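A.B. asks: Supplied in structure tokens, the structure appears directly below.
The values are calculated or read from the model by the stated rules, or taken from the named source; none is laboratory data. Given the structure is predicted, the values throughout are model-derived calculations rather than measurements. Cβ sites come from the backbone with ideal geometry, for glycine too, and all protein chains shown count toward neighbours. Ligands, DNA and RNA are stripped out before the accessible areas are found, and what is left, the full protein with its side chains, is counted by its heavy atoms. Shrake-Rupley method; radii C 1.70, N 1.55, O 1.52, S 1.80 Å.
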Amino acid sequence: MPPQYLPAAGRYQALPYRRCGKSGLKLPAISLGLWHNFGDVDALATGRETLHLAFDNGITHFDLANNYGPPPGSAELNFGKVLAQDFAAYRDELIISTKAGYNMWEGPYGEWGSRKYLLASLDQSLKRMGLEYVDIFYHHRPDPDTPLEESMGALAHAVRQGKALYVGLSNYGPEEAQKAIGLLREMGTPCLIHQPKYSLLVRDPEAGLLDVLGAAGVGCIPFSPLAQGLLSDKYLKGIPDDSRAASSTGFLQREQVTPAVVAQLQQLNAVAQARGQSLAQMALAWLLKDDRVTSVLVGASRPAQLADSLHCLQNLDFSADELARIEQILQKPAETAAA
């Protein structure tokens, strides 16, 4: 048996908490996502150490989805094991979220946004994690073929059942999000939070979504804040052999890491170095500069990666000159970025 885990006594002084939209809930400025590093292909002992480090440093929010792994479902199963072993006594100090929307099982009811799928998936997630409820249940992506009223009705029903305390959206565009938020409000289950892909290199939420969330009092928690690792030190000299981009599978492909992109990363890194930060730390701090962003989801394959991300909190302020320089670098056309 591993030794009993006792969390750090001063954990709630370690990082800031930010109110989630206009709700009564506060989230840590940095939250831990369990997307790629808690599946059966990963070492559970390493995941356990990472979860310990997170909670010891005040990270109370752990984010999952039904299909996280690999294989799908294994991240929830492994998290459930650590939860039962180490965190059972601290359940009321934790915010645990999960999602449903992507393909999870065979047949016509195993993905998208039907009431059948969403509620069945939530029951499966609760069973895998050994929980009676999750704090936040998300619809993971909009369904073009299911009425929005049905998908939002399923989320509202999950709250009425007591299987979720709050509900959220992920990967919804501005117009879809606005409609969904309105429906949830009418159903008496306000949307708590939206989880979009957002980083220095992926600015889509700035084209209306952040304005929708701000006006509606809905929190925002970006995922992929380091653009699949591009915004780290790893690609400053090209593509390392052991990187995601060097692999034939995965979301970051070799053709995305062009010489022009590497030149942009090097210029951004120079700004970060002048701020006393790594490129990754500056990228996280840059997202947190917007008060509509409640928290930023980071992943970590080992405790040291999480510890490095937490250092972003030591400098969250940007001067006007720094912001202008960052914009200048990012607005350069890719083909001239190396100039």
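A.B. asks: Of the numbered conditions (1) open to solvent by 50 Å² or more (accessible area, probe 1.4 Å); (2) of a type outside the set (A, V, I, L, M); (3) farther than 29 Å from PRO190 by Cα; (4) without any contact (Cβ under 8 Å) to a residue 60 or more places away in the chain, ASP92 satisfies every one except a single condition; which is it?
C.D. replies: The single condition ASP92 does not satisfy is (3).
A.B. asks: Continuing with the same structure: Pull out all pairs, ordered by first then second residue, where Cβ-Cβ is under 6 Å, the residues are six or more apart or on different chains, the first lies in the stretch 8-19 and is in contact (Cβ under 8 Å) with a residue 12 or more places away in the chain, and the second is among the hydrophobic types (A, V, I, L, M, F, W, C) and assigned to a loop (DSSP other than H, G, I, E, B).
C.D. replies: As it stands, the answer is LEU15/ALA29; PRO16/ALA29; ARG18/ALA29, since those pairs meet every condition given.
A.B. asks: Wholly within the stretch 2-90, which strands (runs of 3 or more DSSP E) include no fewer than the required count, namely at least 1 residues that are more than 25 Å from HIS194 (Cα to Cα)?
C.D. replies: Result: empty, no element qualifies.
A.B. asks: Moving to a separate point now. Would you tally the residues in the stretch 197-221 being under 14 Å from the mean Cα position of the chain (by Cα), surrounded by fewer than 23 Cβ atoms within 10 Å (Cβ to Cβ) and closer than 23 Å to TYR17 by Cβ?
C.D. replies: Of the residues in the stretch 197-221, 1 are under 14 Å from the mean Cα position of the chain (by Cα), surrounded by fewer than 23 Cβ atoms within 10 Å (Cβ to Cβ) and closer than 23 Å to TYR17 by Cβ.
A.B. asks: Among the residues of the stretch 106-119 satisfying the criterion of being under 23 Å from the mean Cα position of the chain (by Cα) and among the aromatic types (Phe, Trp, Tyr), which is least open to solvent (accessible area, probe 1.4 Å)?
C.D. replies: In this case the residue turns out to be TYR117.
A.B. asks: Further question on the same structure: Out of the residues in the stretch 35-49 that are open to solvent by 40 Å² or more (accessible area, probe 1.4 Å) and within 16 Å of the chain's Cα centre (by Cα), which is farthest from TYR102 (Cα to Cα)?
C.D. replies: HIS36
A.B. asks: What is the one condition in (1) in contact with a Gly (Cβ under 9 Å, 6 or more places away or on another chain); (2) at pLDDT 95 or above that TYR235 does not satisfy?
C.D. replies: (2)
A.B. asks: Here's something else I'd like to know. Do we find a residue being open to solvent by less than 20 Å² (accessible area, probe 1.4 Å), out of contact with any helix residue (DSSP H, G or I) (no Cβ under 8 Å at 6 or more places or on another chain), in contact (Cβ under 8 Å) with a residue 12 or more places away in the chain and not basic (Lys, Arg) anywhere in the stretch 295-305?
C.D. replies: yes
A.B. asks: Based on what the data block shows, is VAL82 open to solvent by 10 Å² or more (accessible area, probe 1.4 Å), of a type in the set (Val, Ile, Thr) and touching a residue at least 24 places away in the same chain (Cβ under 8 Å)?
C.D. replies: The answer is no for VAL82.
A.B. asks: Give the residues of the stretch 69-105 that are more than 30 Å from PRO7 (Cα to Cα) and more than 20 Å from the chain's Cα centre (by Cα), sorted by residue number.
C.D. replies: Hit for the stretch 69-105 is TRP105, nothing else.
A.B. asks: Taking the residues in the stretch 133-151 that are of a type in the set (Asp, Glu) and touching a Leu at 6+ places or on another chain (Cβ under 7 Å) as candidates, determine which candidate is most open to solvent (accessible area, probe 1.4 Å). Before the answer, list the steps.
C.D. replies: Going residue by residue through the stretch 133-151, those that are of a type in the set (Asp, Glu) are 135, 143, 145, 149-150.
Remaining after also requiring touching a Leu at 6+ places or on another chain (Cβ under 7 Å): 135, 149.
On the way: ASP135: 8, GLU149: 103 Å².
Per the criteria, the residue is GLU149.
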